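First comes the structure, then the notes that go with it.
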Amino acid sequence: MSDLYSDPLGTAVLAAAKIAEITGKPKHDVALVMGSGWMPATDALGKPTHEFPVTDVPGFPAPTVVGHGGLIRSYEIDGANGKIQALVFLGRTHLYEGKGLEPVVHGARTAVKAGCKVIVLTNACGGINRDYKVGQPVLIRDHISMTATSPLIGADFVDLTDLYSKRIRELIKREDPSLAEGVYVHWRGPAYETPAEINMLRTVGADLVGMSTVPEAIAAHALGAEVLGISLVTNAAAGVTGEKLSHTEVMEAGKAAAGRMGELLAKVLKQL
Ligand code: HPA
């Protein structure tokens with residue numbers, strides 16, 4: 001029996017096989033990982049064909065954070081070029097949970113092993129860029145990792161020049177030309193940043209800050225998938241307005257923006 005920590009890719013293959021068995025679908029085409037507050041956005045995708053707890057699938061730990069669902073859904077969507085089988089992860093594991101990076105990237109690896117050529121990673125984040133408003137979605141153009149860790153082990157010298165697919169960003173901007181693009185910082189957390197840290201991050205070229213997405217993007221890209229990252233600005237980053245940060249505020253902003261997000265995602269999926 002393979003184990004997530006000793007054989008992460010083997011466990012992803014087992015997980016993909018289990019998902020195929022549960023859904024009766026030998027292959028999925030695209031995966032979405034829904035971040036904090038993004039769950040209501042899935043309403044726009046219609047009714048799922050299947051829904052099951054992540055813990056039914058090898059390698060997934062039970063969720064521990066409020067608002068991070070711990071469910072997997074399968075959808076069949078009418079696309080521009082035929083039916084699309086979409087795998088949706090409601091909730092994710094974060095680095096700050098202290099379980100290491102393997103569970104953090106297991107969903108992304110499982111999705112690629114299940115056949116997904118495109119992985120859409122969504123998240124809630126703090127806006128460092130002063131032009132951003134709360135409730136605004138921002139496409140991730142690039143990232144800065146402040147965690148000094150990687151899901152890749154060994155001499156896996158993966159190129160990250162086009163990590164956040166330019167092709168898909170262009171596609172989605174055709175649907176919504178008002179969408180901004182920004183540089184996302186991966187912060188380990190669970191404490192939010194200090195105002196001084198936010199000033200530092202702005203100085204080095206960051207627009208957004210959050211505690212997810214980057215390891216999953218690297219893991220999926222390393223396995224050959226195209227990645228789209230969308231951040232929802234749920235609060236101004238520490239020190240930007242002087243307001244204190246709270247997880248409740250983050251969840252509320254997510255709910256408020258869900259409609260627009262869902263419609264956008266549904267439109268993009270149809271074209272992939
Ligand atoms: N910082 C880090 N992560 C976050 C934030 C933030 O301000 N908001 C939502 N997730």
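Any residue in the stretch 187-200 that is under 25 Å from residue 12 (Cβ atoms), touching a residue at least 24 places away in the same chain (Cβ under 8 Å) and aromatic (Phe, Trp, Tyr)? No, every residue in the stretch 187-200 fails to be under 25 Å from residue 12 (Cβ atoms), touching a residue at least 24 places away in the same chain (Cβ under 8 Å) and aromatic (Phe, Trp, Tyr).
Scanning the stretch 84-127 for residues that are within 16 Å of the ligand (Cβ to nearest atom) and farther than 18 Å from residue 48 by Cα yields a count of 14. The residue that is farthest from residue 19 (Cα to Cα), among those in the stretch 90-110 that are in contact with a helix residue (DSSP H, G or I) (Cβ under 6 Å, 6 or more places away or on another chain) and modelled with pLDDT of 95 or more, is 95. Condition test on residue 194, is it among the polar types (S, T, N, Q), over 25 Å from residue 258 (Cα atoms), within 13 Å of the ligand (Cβ to nearest atom) and more than 18 Å from the chain's Cα centre (by Cα)? Answer is yes for this residue. Cβ-Cβ contacts under 8 Å between residues 6 or more apart (or on different chains), taken from a first residue in the stretch 201-227 that is among the acidic types (Asp, Glu) to a second residue that is at pLDDT 95 or above and within 11 Å of the ligand (Cβ to nearest atom), are listed as 207/127; 207/128; 207/184.
Does the stretch 154-182 hold any residues that are within 16 Å of the ligand (Cβ to nearest atom) and touching a helix residue (DSSP H, G or I) at 6+ places or on another chain (Cβ under 9 Å), and which are they? None; the set is empty.
Of all residue pairs spaced 6 or more apart or on separate chains, those with beta-carbon atoms under 7 Å, a first member in the stretch 246-272 that is part of a helix (DSSP H, G or I) and a second member that is of a type in the set (Phe, Trp, Tyr) and within 16 Å of the ligand (Cβ to nearest atom) are 254/38; 261/38.
Considering the stretch 226-263, and only residues there that are buried (at least 21 other Cβ atoms within 10 Å of the Cβ) and more than 10 Å from the ligand (Cβ to nearest atom), the residue that is modelled with the lowest pLDDT turns out to be 257. If the condition is being among the aliphatic types (A, V, I, L, M) and surrounded by fewer than 17 Cβ atoms within 10 Å (Cβ to Cβ), then the stretch 21-61 contributes only 22.
Residue 134 falls short on exactly one of the conditions (1) touching a Leu at 6+ places or on another chain (Cβ under 8 Å); (2) part of a loop (DSSP other than H, G, I, E, B), and that condition is (1). Evaluate the stretch 202-225: report whether one residue or more is more than 12 Å from the ligand (Cβ to nearest atom), outside any helix (DSSP H, G or I), of a type in the set (Gly, Ala, Ser) and within 15 Å of the chain's Cα centre (by Cα). Taking every residue of the stretch 202-225 in turn, at least one turns out to be more than 12 Å from the ligand (Cβ to nearest atom), outside any helix (DSSP H, G or I), of a type in the set (Gly, Ala, Ser) and within 15 Å of the chain's Cα centre (by Cα).
The values are calculated or read from the model by the stated rules, or taken from the named source; none is laboratory data. Note that the structure is predicted; figures quoted are calculated from it, not measured. Cβ sites come from the backbone with ideal geometry, for glycine too, and all protein chains shown count toward neighbours.
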